[in-house]
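Just below is one structure, and these are the notes that go with it.
The values are calculated or read from the model by the stated rules, or taken from the named source; none is laboratory data. Since this is a predicted model, take the numbers as computed values, not measurements. Positions of Cβ are generated from backbone atoms using ideal geometry, with glycine treated the same way; all protein chains shown enter the neighbour counts. With ligands, DNA and RNA removed, areas are computed over all heavy atoms of the protein, side chains included. Shrake-Rupley method; radii C 1.70, N 1.55, O 1.52, S 1.80 Å.
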Amino acid sequence: MTETTTFEQATAAASGAAATEQFRSKQRTGTSDVDTGRVDTLVSDLLAATHDIIRRHKVTYAEYDALKAWLIRVGEDGEWPLFLDVWVEHVVEEVANESREGSKGTIEGPYYVPDSPRLPADASLPMRDDEKGTALLFQGQVRSVDGTPLAGATVEMWHADSDGLYSQFAPGLSEWNLRGTIVTDGQGNFKIHTIEPAPYQIPTDGSCGKLIAAAGWHAWRPAHLHLKVSAPGHQLITTQLYFKGGQHVADDIASAVKPELVLDPAPAADGNGRDVTYDFVLDKA
Ligand code: MBD
Ligand code: FE
């Protein structure tokens with residue numbers, strides 16, 4: 001598979017390798033921080049659940065070997081970040097943020113890159129001169145739970161292009177294409193000019209694609225904007241926003257859509273594309 005990385009074409013192995021590398025460099029905490037008793041509890045429960053499934057469904061040696069071969073391939077393809085973020089992260093996010101009072105969040109996914117270019121409160125994301133897609137003006141305000149506008153808050157946005165490709169995870173896109181960090185103005189307001197992304201298809205040529213085909217599932221996520229919103233003294237929100245009426249909003253393969261996260265943009269005031277307003281409310285740290 002390694003020779004495919006030299007082709008000017010998006011492949012599962014190339015985006016998997018980039019996502020694996022990205023994860024290694026941004027890891028939240030090392031595994032050495034996890035308490036022995038906790039590892040014992042969680043892994044024992046995980047194994048017991050697996051044993052129970054084998055007994056209940058009378059799993060055969062042929063199925064056991066298919067699993068073993070597939071797990072080996074996930075590693076070879078670098079698709080552990082993709083697999084985990086698509087099928088597991090949504091429950092980790094649910095548990096992590098269950099007591100928040102501010103805006104809802106959702107999963108981060110495998111394609112976040114920190115330290116994107118800092119931009120003023122009214123800015124366009126970096127994009128090609130001929131970037132395809134409907135123009136989108138995404139504007140709003142960042143506030144604290146008590147209603148105070150948060151000046152100097154950061155709104156990081158990253159999203160796929162109109163072909164469903166993310167910069168730094170697909171060939172042929174400049175480093176920060178459709179990625180930026182917008183700093184709110186004195187009233188906590190921001191205006192981000194970008195284009196509407198396309199629905200995203202999980203790479204079909206790797207191990208996750210093979211699982212999807214083998215199970216008869218579809219490989220799609222609805223079109224989405226990724227965001228991280230933060231301000232001093234407040235909890236960071238990691239979220240995604242979707243588009244009302246868009247394909248797969250009701251059947252996201254990553255189970256990451258919540259009703260509060262669906263935008264309903266209106267035709268733009270200036271006649272070019274669409275506009276939408278969405279505010280972020282941050283919990284205190
Ligand atoms: C994505 O773009 C994404 O956001 C997630 C969660 C998984 C795979 C691709
Ligand atoms: Fe995404």
- Part-to-part distance (alpha-carbon centres) for region 159-238 and region 250-285, which is given in Å: 13 Å
- Query: Of all DSSP beta bridges located in region 9-285, what percent are antiparallel, nearest 5?
  - Reply: 65 percent
- Calculated FRET efficiency, Asp52 and Glu101, Cβ-Cβ r, R0 45 Å, to nearest 0.05? 0.75
- Item | Fraction in percent of alpha-carbon pairs per bin - 10 Å, region 9-285 | 6, 25, 34, 22, 9, 3, 0
- May I ask you to compute the full-extension gain from Gln201 to Asp163, defined as 0.36 nm times their residue separation minus their alpha-carbon distance, rounded to one decimal in nm? 12.7 nm
- Query: Okay, which of region 98-142 sit inside 11 Å, backbone N to the point 7 Å along the Cα-Cβ direction of Asp251?
  - Reply: none
- Rounded to whole Å², per residue accessible area for region 104-187 with a 1.4 Å probe reads 40 Å²
- For Leu241, Leu84, the accessible-area ranking with a 1.4 Å probe, largest leading, is Leu84, Leu241
- Query: What angle, in degrees between 0 and 90 and rounded to the nearest 10, separates the Cα long axis of helix 61-77 from the longest principal axis of the Cα atoms of the chain?
  - Reply: 40 degrees
- With respect to the cross-link table entries Lys58/Lys258; Lys26/Lys104; Lys26/Lys210, which display a Cα-Cα separation exceeding 26 Å? Lys58/Lys258; Lys26/Lys210
- Item | region 9-285, accessible surface, carbon-and-sulfur percent (1.4 angstrom probe) | 54 percent
- chymotrypsin sites (Phe, Trp or Tyr not before Pro) restricted to DSSP loop in region 190-274 with at most 14 other C-beta within 10 Å: Trp217
- Query: Going through region 120-168, which trypsin sites (Lys or Arg not before Pro) have at most 12 other Cβ atoms within 10 Å and a DSSP loop state?
  - Reply: Arg128, Lys132
- Task: May I ask you to list the GluC sites (Glu not before Pro) in region 34-109 that are in a DSSP loop and have at most 11 other Cβ atoms within 10 Å of their Cβ?
- Result: Glu98, Glu101
- Message: Can you tell me which of Thr148, Thr60, Thr238 moves the most in a GNM of the chain? Springs connect C-alpha atoms under 10 Å apart.
- Response: Thr60
